[in-house]
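K.L.:
Pasting a structure below so you can have a look.
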Amino acid sequence: MESRQAELELSLIKKMMEDTRKMNIDNGIHFIFWGVLVAVALFINYLFLKLNFYPKYVGLVWMVLMVSGAVADIFIAKYQSKRSSVSTYAGRLMSSLWLASGVAMFIYGFIGPLSGAYNSIFICPIIATSLGISYFTSGSIQQLGWLRSVSFGWWAGAIVMFIFPGIHTLLVFAVMIILLQIVPGILLNIKSKKFLERTA
């Protein structure tokens, strides 16, 4: 029984690796989309607090932007699935990973502070820690060492923000989003276009 289970697991891993070699799993669009949206939201959040401009509505701004972003992302995903006629195990695994990550970050960003579990100033480092896990796993699935290494940037930034909390963490996190999410998204998009040109 154990031998049969081991063979099954091995075949799944082998299939995923073959999928990864043959297919273009991630074109980076979701990374870029969420990166730009969150970076803009962070700068707005910083300005609201710095200028004391309706600070009590910051949470509402985040809620509107994140829910709108989630709805827009669903349409982006549907559009991409229509353009891609092939579904792979590795691709489905990637979608599950980022969906689970998104749900976790929503809980960290809204439910945690509202319940009083922690101060809202710690949302950024908590989410950065979660993103580190997602990037490490994503890079491993796609067999991209450079993408897996991005996770160490997220974890290093999280440590800094945990040790030195304050309003400045919003700007630190915004810079991290640009460098560790938007830039990797652009690199993945370039890689995706080259892949499509080769297979056209």
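Every number in this text was worked out from the coordinates using simple rules, so none of it is lab data. Remember, predicted model here, so these are calculated numbers, not experimental data. Cβ coordinates were reconstructed from backbone atoms using ideal geometry, including for glycine residues, and neighbour counts include every protein chain displayed.
K.L.:
In whole Hz and in residue order, list the ³J(HN,Hα) couplings for segment 108-119 that follow from phi through the Karplus curve 6.51 cos²θ - 1.76 cosθ + 1.60, θ = phi - 60°; x for Gly and Pro.
P.N.:
4, x, 10, 5, x, x, 5, 7, x, 5, 7, 5
K.L.:
What is the fewest-to-most order of HIS168, HIS30 by other Cβ atoms lying within 10 Å of their Cβ?
P.N.:
The order, fewest Cβ neighbours first, is HIS168, HIS30.
K.L.:
Report the percentage of all Cα-Cα pairs in segment 103-200 whose separation exceeds 21 Å, rounded to a whole percent.
P.N.:
40
K.L.:
Please list, in order along segment 184-189, the HN-Hα scalar couplings obtained from phi with the Karplus expression 6.51 cos²θ - 1.76 cosθ + 1.60 (θ = phi - 60°), rounded to whole Hz, x for Gly and Pro.
P.N.:
So the Karplus estimates, Gly and Pro as x, are x, x, 5, 4, 5, 5 Hz.
K.L.:
Each residue of segment 28-36 in order: what ³J(HN,Hα) in whole Hz does its phi give by Karplus 6.51 cos²θ - 1.76 cosθ + 1.60, θ = phi - 60°, with x for Gly and Pro?
P.N.:
3J(HN,Hα) across segment 28-36, in whole Hz: x, 4, 5, 4, 5, 4, 5, x, 5.
K.L.:
State the volume of the convex hull built on the alpha-carbon positions of segment 25-199, expressed per residue in Å³ and rounded to an integer.
P.N.:
Normalising the Cα hull of segment 25-199 by residue number yields 109 Å³.
K.L.:
A further question follows. Which shape class applies to segment 149-200: rounded if a/c is under 1.5, otherwise prolate when a/b exceeds b/c and oblate if not, where a ≥ b ≥ c are the square roots of the Cα gyration tensor eigenvalues?
P.N.:
Cα axes put segment 149-200 in the prolate bin.
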